[in-house]
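This report refers to the structure that appears directly beneath it.
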Amino acid sequence: MVAQRAFWIDGRYDRERARFSDGLYTEQLWANIGEFDGAWGDIAPVTFCCAAWRVATPPIMDPGLVRRHRRILSAECVRNAWDGSMTARIALVSPPPAALTTSREWWRDRGWQGWPEIFGQFVEPADRDVAKSPHLRATLRVDAPVPLDHLPAAPETMTDHAAVAETAYRALTVMVAELNELLTPIITRLEDDLS
């Protein structure tokens, strides 16, 4: 069993692609500073950390500073409307459920296809492929709380550019670690089933 990281921070790409020395993420952070509206001085780190995540991931930053395993289709962090905590919402590529794999009775010689892959990445089927045969693409939806214990507090204002960038980067580091702890066992199991 080989552990599969769900997320990682690609600092090398960030430094190599930057127009200025601070890094591409920092440039994107300032280009999208409106994402942080309502976060400044907030007693809870949730709004700030969710904004830092949005800026570091597609579609805002593509490819993102935060990279993801090939099985992860989407990953967002949002404020939970019930209590203000942070919730991660993740969509993962999954094999079909066991109820469909134990029997092919439902198949009826239609040539069902699963998730197409291009260079090892799961992708949406092209219209021409769907015109030829049906596709059954299973996904898993993960909605889970993200502990706030180690997340940095939101800066009081956006005037200290270095502090804002450093706090956002630290938030990403904590969130990546928390989400890896949550998702790595699931991804590892899904990948081991392919072996």
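All of the numbers you see were taken from the coordinates with simple rules; none came from a lab. The structure presented is a predicted model; accordingly, all values stated were derived computationally and were not measured. When we count neighbours, we look across all protein chains shown, and the Cβ atoms used for this are built from the backbone with ideal geometry, even at glycine.
Couple of notes before you dig in:
- In segment 156-195, residue surrounded by the fewest Cβ atoms within 10 Å (Cβ to Cβ) [restricted to those that are among the polar types (S, T, N, Q) and without any contact (Cβ under 8 Å) to a residue 60 or more places away in the chain]: 195
- All of 91, 126 fail the test of being within 17 Å of the chain's Cα centre (by Cα) and either over 30 Å from residue 9 (Cβ atoms) or hydrophobic (A, V, I, L, M, F, W, C) (or both), apart from 91.
- Pairs where the first residue, in segment 19-41, is under 20 Å from residue 67 (Cβ atoms) and the second is surrounded by 14 or more Cβ atoms within 10 Å (Cβ to Cβ) and among the polar types (S, T, N, Q), C-beta under 6 Å, 6+ apart: none
- Looking across segment 131-146, just one residue is surrounded by fewer than 13 Cβ atoms within 10 Å (Cβ to Cβ) and farther than 30 Å from residue 111 by Cα, and that is 143.
- Scanning segment 31-55 for residues that are in a loop (DSSP other than H, G, I, E, B) and surrounded by 14 or more Cβ atoms within 10 Å (Cβ to Cβ) yields 32, 39, 40, 42, 44, 45.
- For first residues located in segment 110-121 and surrounded by 14 or more Cβ atoms within 10 Å (Cβ to Cβ), partners that are in a loop (DSSP other than H, G, I, E, B) and of a type in the set (Lys, Arg) and lie 6+ apart or on another chain with Cβ distances below 6 Å form the pairs 115/137.
- Taken over segment 1-30, the residue count meeting the criterion of being in contact with a Ser or Thr (Cβ under 8 Å, 6 or more places away or on another chain) and surrounded by 14 or more Cβ atoms within 10 Å (Cβ to Cβ) is 5.
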